[in-house]
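Peer 1: Dropping the structure in here first, questions after.
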Amino acid sequence: MKKYVEGDFIILLLYVDDMLIVGNSTKRIALLKKALGKSFAMKDLGPAKQILGMRISHDRANKKLGYHKKHILGRYLKGLICKMQNQLTLHL
């Protein structure tokens, strides 16, 4: 385990085969990716655009990271409508 200067951080989010690394030091993130690459087959897809169905927005100038789940709701509603249509068809 490595301790960083107060205020520095790295967050590694892992879900099945998706990984998102967030931190305030690109140098430390690069070192982590290099270390993980020695033990695991990894492919760097660049800055994340989405993960787990959520769109991710980057505002590097203001050092902000955000997510948008609006399209998740749309996907959910579409699935719900399809299920309702199937149920109506089955009950007719």
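Only the coordinates and a few stated rules stand behind these numbers; no lab work does. Note that the coordinates shown come from a computational prediction; the quantities given were computed from them, not determined experimentally. Heads up, the Cβs are rebuilt from the backbone with ideal geometry, glycines too, and the neighbour counts pull from every protein chain shown.
Peer 1: At 7 Å along Cα-to-Cβ for each site, give me the label-to-label distance between V16 and K38 in nm.
Peer 2: Taking the simple label geometry, V16 and K38 are separated by 3.0 nm.
Peer 1: If you take the C-alpha gyration tensor of segment 2-46, multiply each eigenvalue by 5 and take the square root, what semi-axes do you get, largest first, in whole Å?
Peer 2: 19, 12, 10
Peer 1: Quick check: pseudo-label points 7 Å beyond the Cα along Cα→Cβ at L65 and A30, how many nm apart are they?
Peer 2: 1.8 nm
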